Amino acid sequence: MKVFNKIKNFNKLTWAPIAYAILLLVLLVFGIYLNLLFIQGSFKDIWTVMTNWNDIPVSLVPIRISLWNLFATLIAGIGLSIGAIAAQSLTRNPLAEGSTLGLVQASIFGILFIVSFGFTGFLMKYTFAIIAGLIGALLIVVVIFFTKSKTSSNKIILAGLAIGIIFKTLSFIFKIGDKDSEALSYAYVLGGAESISSNPLAVPADYLNDTLLYSSLLIAAGLIITIVNVKGMNLLELGDERAKTLGGKILLTRILSILTLILVIPASVMIIGNLAFLGLFSVHIARWITRSRNYMKVLPLTILISLVIASLGFQMTQHFPEVNSGLWMTFVGAPYLIYVGLKGVK
(Lines give C-alpha, C1' and ligand atoms only; values in the text may rest on other atoms or scores of the structure.)
Protein backbone atom coordinates (compact mmCIF):
# COMPACT_ATOMS: atom_id res chain seq x y z
CA MET A 1 0.00 0.00 0.00
CA LYS A 2 2.85 2.39 0.82
CA VAL A 3 4.30 1.84 -2.65
CA PHE A 4 0.95 2.66 -4.33
CA ASN A 5 0.58 5.78 -2.17
CA LYS A 6 4.05 6.94 -3.19
CA ILE A 7 3.19 6.40 -6.86
CA LYS A 8 -0.05 8.37 -6.45
CA ASN A 9 1.82 11.22 -4.78
CA PHE A 10 4.45 11.17 -7.51
CA ASN A 11 1.77 11.26 -10.23
CA LYS A 12 0.44 14.52 -8.75
CA LEU A 13 3.70 16.31 -9.53
CA THR A 14 3.53 18.55 -12.60
CA TRP A 15 6.73 17.12 -14.06
CA ALA A 16 5.72 13.47 -13.51
CA PRO A 17 4.59 12.93 -17.17
CA ILE A 18 8.00 14.17 -18.37
CA ALA A 19 9.74 11.70 -16.06
CA TYR A 20 7.53 8.90 -17.35
CA ALA A 21 8.19 9.92 -20.96
CA ILE A 22 11.96 9.77 -20.37
CA LEU A 23 11.60 6.37 -18.69
CA LEU A 24 9.50 5.09 -21.59
CA LEU A 25 12.07 6.32 -24.12
CA VAL A 26 14.83 4.51 -22.23
CA LEU A 27 12.72 1.34 -22.09
CA LEU A 28 11.93 1.62 -25.80
CA VAL A 29 15.58 2.01 -26.80
CA PHE A 30 16.54 -0.88 -24.51
CA GLY A 31 13.68 -3.00 -25.87
CA ILE A 32 14.68 -2.40 -29.49
CA TYR A 33 18.29 -3.20 -28.59
CA LEU A 34 17.20 -6.50 -27.01
CA ASN A 35 15.12 -7.36 -30.06
CA LEU A 36 18.10 -6.75 -32.34
CA LEU A 37 20.36 -8.67 -29.96
CA PHE A 38 18.19 -11.79 -30.04
CA ILE A 39 17.56 -11.83 -33.78
CA GLN A 40 19.39 -14.88 -35.10
CA GLY A 41 22.45 -13.20 -36.53
CA SER A 42 25.35 -10.95 -35.59
CA PHE A 43 25.07 -7.17 -35.48
CA LYS A 44 27.28 -7.13 -38.57
CA ASP A 45 24.74 -9.28 -40.42
CA ILE A 46 21.88 -7.09 -39.18
CA TRP A 47 23.70 -3.97 -40.34
CA THR A 48 24.34 -5.59 -43.73
CA VAL A 49 20.64 -6.35 -44.13
CA MET A 50 19.55 -2.86 -43.05
CA THR A 51 21.95 -1.10 -45.42
CA ASN A 52 21.41 -3.49 -48.37
CA TRP A 53 17.77 -4.43 -47.82
CA ASN A 54 17.01 -5.56 -51.38
CA ASP A 55 20.40 -7.02 -52.24
CA ILE A 56 21.45 -9.59 -49.64
CA PRO A 57 22.60 -13.24 -49.74
CA VAL A 58 19.93 -15.90 -49.34
CA SER A 59 21.43 -16.84 -45.97
CA LEU A 60 20.47 -13.41 -44.57
CA VAL A 61 16.82 -13.53 -45.67
CA PRO A 62 15.63 -14.88 -42.25
CA ILE A 63 17.25 -11.85 -40.60
CA ARG A 64 15.44 -9.52 -43.01
CA ILE A 65 12.12 -11.19 -42.17
CA SER A 66 12.84 -10.84 -38.43
CA LEU A 67 13.65 -7.15 -38.93
CA TRP A 68 10.48 -6.73 -40.99
CA ASN A 69 8.49 -8.28 -38.15
CA LEU A 70 10.09 -5.91 -35.64
CA PHE A 71 9.53 -2.78 -37.75
CA ALA A 72 5.96 -3.83 -38.59
CA THR A 73 5.20 -4.41 -34.91
CA LEU A 74 6.45 -0.96 -33.92
CA ILE A 75 4.80 0.88 -36.83
CA ALA A 76 1.47 -0.85 -36.25
CA GLY A 77 1.78 -0.05 -32.55
CA ILE A 78 1.77 3.64 -33.48
CA GLY A 79 -1.17 3.17 -35.85
CA LEU A 80 -3.30 1.28 -33.34
CA SER A 81 -2.66 3.81 -30.58
CA ILE A 82 -3.73 6.63 -32.92
CA GLY A 83 -6.77 4.58 -33.91
CA ALA A 84 -7.81 4.08 -30.27
CA ILE A 85 -7.57 7.82 -29.57
CA ALA A 86 -9.61 8.65 -32.69
CA ALA A 87 -12.26 6.06 -31.78
CA GLN A 88 -12.54 7.30 -28.19
CA SER A 89 -12.83 10.90 -29.32
CA LEU A 90 -15.47 9.98 -31.87
CA THR A 91 -17.62 8.02 -29.40
CA ARG A 92 -16.62 9.68 -26.11
CA ASN A 93 -16.24 6.12 -24.84
CA PRO A 94 -13.00 5.32 -22.95
CA LEU A 95 -13.25 1.65 -23.98
CA ALA A 96 -13.48 2.28 -27.73
CA GLU A 97 -10.82 1.28 -30.27
CA GLY A 98 -10.67 0.34 -33.95
CA SER A 99 -12.70 -2.85 -33.67
CA THR A 100 -15.43 -1.10 -31.63
CA LEU A 101 -16.53 0.69 -34.80
CA GLY A 102 -16.25 -2.43 -36.93
CA LEU A 103 -13.38 -1.09 -39.03
CA VAL A 104 -10.98 -3.92 -38.11
CA GLN A 105 -13.54 -6.54 -39.12
CA ALA A 106 -14.32 -4.60 -42.31
CA SER A 107 -10.62 -4.41 -43.19
CA ILE A 108 -10.14 -8.16 -42.74
CA PHE A 109 -13.17 -8.89 -44.93
CA GLY A 110 -11.91 -6.52 -47.64
CA ILE A 111 -8.53 -8.29 -47.65
CA LEU A 112 -10.12 -11.76 -47.80
CA PHE A 113 -12.40 -10.65 -50.63
CA ILE A 114 -9.72 -9.28 -52.95
CA VAL A 115 -7.12 -11.99 -52.22
CA SER A 116 -9.69 -14.62 -53.28
CA PHE A 117 -9.51 -13.09 -56.78
CA GLY A 118 -5.73 -13.48 -56.89
CA PHE A 119 -4.71 -9.91 -56.00
CA THR A 120 -1.97 -9.88 -53.37
CA GLY A 121 -0.42 -6.42 -53.81
CA PHE A 122 -0.71 -3.95 -50.96
CA LEU A 123 -2.55 -1.24 -52.87
CA MET A 124 -5.32 -3.57 -54.06
CA LYS A 125 -5.77 -5.11 -50.63
CA TYR A 126 -5.74 -1.73 -48.94
CA THR A 127 -8.20 -0.34 -51.49
CA PHE A 128 -10.73 -3.07 -50.81
CA ALA A 129 -10.11 -2.85 -47.06
CA ILE A 130 -10.88 0.87 -47.41
CA ILE A 131 -13.99 0.20 -49.49
CA ALA A 132 -15.29 -2.18 -46.82
CA GLY A 133 -14.34 0.31 -44.12
CA LEU A 134 -16.04 3.15 -46.01
CA ILE A 135 -19.28 1.20 -46.12
CA GLY A 136 -19.15 0.99 -42.35
CA ALA A 137 -17.91 4.57 -41.96
CA LEU A 138 -20.75 5.93 -44.11
CA LEU A 139 -23.24 4.29 -41.78
CA ILE A 140 -21.49 5.93 -38.82
CA VAL A 141 -21.53 9.34 -40.58
CA VAL A 142 -25.26 8.94 -41.26
CA VAL A 143 -25.80 8.20 -37.57
CA ILE A 144 -23.80 11.30 -36.61
CA PHE A 145 -25.47 13.59 -39.16
CA PHE A 146 -29.05 12.59 -38.49
CA THR A 147 -28.75 12.22 -34.71
CA LYS A 148 -29.04 15.40 -32.68
CA SER A 149 -29.79 13.86 -29.29
CA LYS A 150 -27.31 13.54 -26.46
CA THR A 151 -27.26 9.79 -26.98
CA SER A 152 -25.52 10.13 -30.35
CA SER A 153 -22.27 8.63 -29.01
CA ASN A 154 -24.11 5.52 -27.84
CA LYS A 155 -25.74 5.24 -31.26
CA ILE A 156 -22.34 5.49 -32.93
CA ILE A 157 -21.07 2.62 -30.77
CA LEU A 158 -24.14 0.50 -31.54
CA ALA A 159 -23.72 1.22 -35.25
CA GLY A 160 -20.08 0.17 -35.00
CA LEU A 161 -20.97 -3.08 -33.23
CA ALA A 162 -23.55 -3.83 -35.92
CA ILE A 163 -20.95 -3.16 -38.64
CA GLY A 164 -18.49 -5.49 -36.91
CA ILE A 165 -21.04 -8.30 -36.68
CA ILE A 166 -22.03 -7.90 -40.34
CA PHE A 167 -18.45 -8.09 -41.60
CA LYS A 168 -17.56 -10.96 -39.26
CA THR A 169 -20.51 -12.90 -40.63
CA LEU A 170 -19.56 -12.10 -44.23
CA SER A 171 -15.97 -13.23 -43.56
CA PHE A 172 -17.21 -16.48 -42.03
CA ILE A 173 -19.49 -17.21 -45.01
CA PHE A 174 -16.73 -16.24 -47.43
CA LYS A 175 -14.17 -18.72 -46.04
CA ILE A 176 -16.50 -21.74 -45.76
CA GLY A 177 -14.93 -24.51 -47.80
CA ASP A 178 -11.92 -22.42 -48.78
CA LYS A 179 -8.81 -23.53 -46.88
CA ASP A 180 -6.70 -20.64 -48.21
CA SER A 181 -9.23 -18.03 -47.04
CA GLU A 182 -9.51 -19.80 -43.70
CA ALA A 183 -5.72 -19.77 -43.19
CA LEU A 184 -5.52 -16.13 -44.26
CA SER A 185 -8.36 -15.14 -41.94
CA TYR A 186 -6.70 -17.02 -39.08
CA ALA A 187 -3.44 -15.11 -39.62
CA TYR A 188 -5.17 -11.72 -39.43
CA VAL A 189 -7.49 -12.62 -36.55
CA LEU A 190 -4.66 -14.16 -34.50
CA GLY A 191 -2.51 -11.13 -35.16
CA GLY A 192 1.21 -10.58 -34.79
CA ALA A 193 3.61 -9.50 -37.53
CA GLU A 194 5.16 -12.98 -37.54
CA SER A 195 1.75 -14.47 -38.40
CA ILE A 196 1.37 -12.09 -41.34
CA SER A 197 4.86 -12.40 -42.83
CA SER A 198 4.80 -16.22 -42.59
CA ASN A 199 1.61 -16.46 -44.67
CA PRO A 200 2.38 -15.94 -48.38
CA LEU A 201 -1.25 -15.01 -49.07
CA ALA A 202 -1.18 -12.27 -46.43
CA VAL A 203 2.05 -10.64 -47.60
CA PRO A 204 3.93 -12.37 -50.44
CA ALA A 205 7.72 -12.07 -50.24
CA ASP A 206 7.78 -9.73 -53.26
CA TYR A 207 5.45 -7.27 -51.48
CA LEU A 208 6.98 -7.21 -48.00
CA ASN A 209 8.89 -3.97 -48.58
CA ASP A 210 6.00 -2.16 -50.29
CA THR A 211 3.56 -3.23 -47.59
CA LEU A 212 5.76 -1.86 -44.82
CA LEU A 213 6.50 1.37 -46.71
CA TYR A 214 2.91 2.19 -47.64
CA SER A 215 1.63 1.29 -44.18
CA SER A 216 4.19 3.62 -42.63
CA LEU A 217 3.14 6.50 -44.90
CA LEU A 218 -0.56 6.00 -44.21
CA ILE A 219 -0.04 5.80 -40.45
CA ALA A 220 2.13 8.93 -40.62
CA ALA A 221 -0.71 10.69 -42.45
CA GLY A 222 -3.14 9.56 -39.73
CA LEU A 223 -0.81 10.94 -37.07
CA ILE A 224 -0.63 14.34 -38.81
CA ILE A 225 -4.43 14.53 -39.07
CA THR A 226 -4.75 13.62 -35.39
CA ILE A 227 -2.34 16.38 -34.37
CA VAL A 228 -4.26 18.90 -36.51
CA ASN A 229 -7.57 17.64 -35.09
CA VAL A 230 -6.51 17.46 -31.44
CA LYS A 231 -8.09 20.78 -30.41
CA GLY A 232 -11.49 19.73 -31.74
CA MET A 233 -11.13 16.32 -30.08
CA ASN A 234 -10.53 18.00 -26.73
CA LEU A 235 -13.62 20.16 -27.19
CA LEU A 236 -15.73 17.08 -27.92
CA GLU A 237 -14.78 15.75 -24.48
CA LEU A 238 -16.84 18.63 -23.01
CA GLY A 239 -20.03 17.55 -24.81
CA ASP A 240 -21.63 18.73 -28.03
CA GLU A 241 -23.34 21.82 -26.63
CA ARG A 242 -20.29 23.18 -24.81
CA ALA A 243 -18.09 22.36 -27.79
CA LYS A 244 -20.37 24.42 -30.04
CA THR A 245 -20.35 27.30 -27.55
CA LEU A 246 -16.55 27.30 -27.56
CA GLY A 247 -16.41 27.36 -31.35
CA GLY A 248 -15.85 23.67 -31.97
CA LYS A 249 -16.74 22.25 -35.39
CA ILE A 250 -18.26 19.00 -34.19
CA LEU A 251 -19.09 17.35 -37.51
CA LEU A 252 -15.71 18.25 -39.04
CA THR A 253 -13.88 16.92 -35.98
CA ARG A 254 -15.76 13.63 -36.14
CA ILE A 255 -15.23 13.27 -39.89
CA LEU A 256 -11.48 13.85 -39.41
CA SER A 257 -11.50 11.20 -36.67
CA ILE A 258 -13.21 8.77 -39.05
CA LEU A 259 -10.66 9.65 -41.77
CA THR A 260 -7.86 8.91 -39.29
CA LEU A 261 -9.40 5.52 -38.53
CA ILE A 262 -9.79 4.73 -42.23
CA LEU A 263 -6.11 5.54 -42.81
CA VAL A 264 -4.49 3.81 -39.83
CA ILE A 265 -6.68 0.78 -39.07
CA PRO A 266 -6.45 -1.04 -42.45
CA ALA A 267 -2.75 -0.15 -42.69
CA SER A 268 -2.08 -1.56 -39.22
CA VAL A 269 -4.21 -4.66 -39.81
CA MET A 270 -2.31 -5.29 -43.03
CA ILE A 271 1.01 -5.72 -41.19
CA ILE A 272 0.05 -6.92 -37.71
CA GLY A 273 -3.52 -8.24 -37.87
CA ASN A 274 -6.25 -7.62 -35.32
CA LEU A 275 -4.38 -6.27 -32.29
CA ALA A 276 -6.49 -3.14 -31.83
CA PHE A 277 -6.55 -3.72 -28.07
CA LEU A 278 -2.90 -2.61 -27.97
CA GLY A 279 -4.07 0.97 -28.48
CA LEU A 280 -6.72 0.57 -25.79
CA PHE A 281 -4.17 -0.52 -23.18
CA SER A 282 -1.84 2.32 -24.09
CA VAL A 283 -4.44 5.10 -23.92
CA HIS A 284 -5.59 4.08 -20.44
CA ILE A 285 -2.06 3.87 -19.07
CA ALA A 286 -1.26 7.28 -20.63
CA ARG A 287 -4.34 8.82 -18.99
CA TRP A 288 -3.31 7.36 -15.65
CA ILE A 289 0.13 8.91 -16.01
CA THR A 290 -1.09 12.34 -17.13
CA ARG A 291 -4.26 12.34 -14.99
CA SER A 292 -5.85 14.11 -17.93
CA ARG A 293 -8.10 13.58 -20.94
CA ASN A 294 -6.28 16.31 -22.87
CA TYR A 295 -5.27 14.52 -26.08
CA MET A 296 -2.29 16.82 -26.58
CA LYS A 297 -0.82 15.34 -23.39
CA VAL A 298 -2.17 11.83 -23.87
CA LEU A 299 -1.17 11.30 -27.52
CA PRO A 300 2.66 11.25 -27.23
CA LEU A 301 2.63 9.07 -24.11
CA THR A 302 0.10 6.71 -25.70
CA ILE A 303 2.41 6.21 -28.68
CA LEU A 304 5.43 5.63 -26.44
CA ILE A 305 3.57 3.14 -24.24
CA SER A 306 2.26 1.31 -27.29
CA LEU A 307 5.78 1.05 -28.72
CA VAL A 308 7.15 -0.29 -25.43
CA ILE A 309 4.40 -2.92 -25.10
CA ALA A 310 4.78 -3.91 -28.77
CA SER A 311 8.56 -4.18 -28.41
CA LEU A 312 8.23 -6.30 -25.28
CA GLY A 313 5.64 -8.57 -26.93
CA PHE A 314 7.90 -9.09 -29.91
CA GLN A 315 10.85 -9.78 -27.62
CA MET A 316 8.93 -12.47 -25.73
CA THR A 317 7.87 -14.26 -28.90
CA GLN A 318 11.53 -14.57 -29.88
CA HIS A 319 12.15 -16.56 -26.70
CA PHE A 320 8.87 -18.48 -26.90
CA PRO A 321 8.02 -18.66 -30.63
CA GLU A 322 5.13 -21.04 -30.00
CA VAL A 323 3.26 -18.14 -28.33
CA ASN A 324 2.06 -15.34 -30.61
CA SER A 325 3.43 -11.84 -29.93
CA GLY A 326 -0.12 -10.51 -29.67
CA LEU A 327 -0.77 -12.81 -26.72
CA TRP A 328 2.34 -11.52 -24.98
CA MET A 329 1.14 -7.95 -25.51
CA THR A 330 -2.15 -8.97 -23.91
CA PHE A 331 -0.33 -10.35 -20.89
CA VAL A 332 1.48 -7.03 -20.51
CA GLY A 333 -1.46 -4.68 -21.00
CA ALA A 334 -4.50 -6.62 -19.76
CA PRO A 335 -3.72 -6.42 -16.01
CA TYR A 336 -4.02 -2.65 -16.04
CA LEU A 337 -7.26 -2.81 -18.02
CA ILE A 338 -8.62 -5.24 -15.41
CA TYR A 339 -7.59 -2.74 -12.72
CA VAL A 340 -9.46 0.00 -14.58
CA GLY A 341 -12.53 -2.19 -14.73
CA LEU A 342 -12.40 -2.91 -11.00
CA LYS A 343 -11.86 0.75 -10.08
CA GLY A 344 -14.39 2.05 -12.59
CA VAL A 345 -13.78 3.81 -15.90
CA LYS A 346 -13.39 7.57 -15.59
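Full extension of the chain between Ser198 and Leu252 yields a length gain of 15.4 nm, computed as 0.36 nm times the residue separation minus the alpha carbon distance. Packing around the peptides 201-207, 70-76, 110-116, 160-166, taken as the average count of other Cβ atoms within 10 Å per residue, puts them in this order, highest first: 70-76, 110-116, 160-166, 201-207. Would you please state which residues of the range 31-50 a label at Asn209 would reach in this model, taking the label point 7 Å out along Cα→Cβ and a backbone N cut-off of under 18 Å? Only 46-50 pass the distance filter. In a DSSP loop and with at most 10 other Cβ atoms within 10 Å, there are no trypsin sites (Lys or Arg not before Pro) in the range 63-127. In this label model, Phe320 and Ile224 are separated by 4.1 nm, measuring between points 7 Å along each Cα→Cβ vector.
Provide the three semi-axes, in whole Å and in decreasing order, of the ellipsoid equivalent to the range 224-338 as defined by the square roots of 5 times the Cα gyration tensor eigenvalues.
Working: eigenvalues 194, 51, 20 Å².
Equivalent-ellipsoid dimensions as semi-axes: 31, 16, 10 Å.
Which FRET efficiency value, to the nearest 0.05, is calculated for Asp178 and Ser292 with the Förster distance at 56 angstrom and r the Cβ-Cβ distance? Working shown, then result.
Values: r = 48 Å, r/R0 = 0.86.
The computed FRET efficiency comes out at 0.70.
Using alpha-carbon pairs under 8 Å, 6+ residues apart, how would you state the relative contact order of the chain in percent?
Details: 505 pairs, mean separation 93.9, N = 346.
So the answer I get is 27 percent.
Largest mean-square fluctuation among Ile309, Ile271, Ile255, in a Gaussian network model of the chain whose springs join Cα atoms under 10 Å apart, belongs to Ile255. Built from the Cα atoms of the chain, the convex hull projects on average onto 18.4 nm², one quarter of its surface area. For the pair Trp15 and Phe38, label points projected 7 Å from Cα toward Cβ lie 3.5 nm apart.
Given +1 at the Cβ of Lys and Arg, -1 at the Cβ of Asp and Glu and no other charges, the dipole of the chain around its Cα centre is 1880 debye to the nearest 20.
First check a/c for the range 33-118, with a ≥ b ≥ c the square roots of the eigenvalues of its C-alpha gyration tensor; if it is under 1.5, answer rounded, and if not, answer prolate when a/b is larger than b/c or oblate otherwise. Before the final figure, lay out each step's value.
On the way: a/c = 4.10, a/b = 1.82, b/c = 2.25.
Verdict is oblate for the range 33-118.
Short to long, the 10 Å bins of the Cα pair-distance histogram for the range 156-311 hold 10, 30, 35, 18, 6, 0 percent of all pairs. A 1.4 Å probe over all protein chains sorts Asp240, Asp210, Asp180, Asp55 by accessible area into Asp55, Asp180, Asp210, Asp240, starting with the largest.
At a 1.4 Å probe radius, carbon and sulfur cover how many percent of the accessible area of the chain? Kindly include the intermediate steps, with their values, before the conclusion.
Working: 11690 of 16560 Å².
Solvent-exposed carbon and sulfur of the chain make up 71 percent of the total.
Measuring r between the beta carbons of Ile135 and Met50 and using R0 = 25 Å, the FRET efficiency lands at 0.05.
Averaged per residue, what accessible area in Å² does the chain show with a 1.4 Å probe, protein chains only? If you can, show how the numbers build up before the last one.
On the way: 16560 Å² over 346 residues.
So the chain comes to 48 Å² accessible per residue, rounded to a whole number.
Taking the charge dipole of the chain about its Cα centre, with +1 at Lys and Arg Cβ atoms and -1 at Asp and Glu Cβ atoms, the residue from Gly41, Ala205, Ile338 reaching farthest to the positive side is Ile338. Projecting the Cα atoms of Ala86, Ile130, Ala267 onto the dipole axis of the chain, where Lys and Arg carry +1 and Asp and Glu carry -1 at the beta carbon, places Ala86 farthest toward the positive end. Our estimate of slack between Phe331 and Phe117, defined as 0.36 nm per intervening residue step minus the Cα-Cα distance, is 73.3 nm. Each label was represented as a point 7 Å from its Cα along the Cα-to-Cβ direction; for Thr245 and Phe30 these points are 4.8 nm apart.
With the helix formula -39500 (n - 2.57) applied to DSSP H stretches of n ≥ 4, the chain reaches a computed 222 nm mean residue ellipticity of -26000 deg cm²/dmol.
The values are calculated or read from the model by the stated rules, or taken from the named source; none is laboratory data. This one's a predicted model, so the numbers in the text were calculated from it and none came from an experiment. Cβ atoms come from the backbone with ideal geometry, glycine included; neighbour counts cover every protein chain shown. Surface accessibility is based on the protein's heavy atoms, side chains included, excluding ligands, DNA and RNA. Shrake-Rupley method; radii C 1.70, N 1.55, O 1.52, S 1.80 Å.
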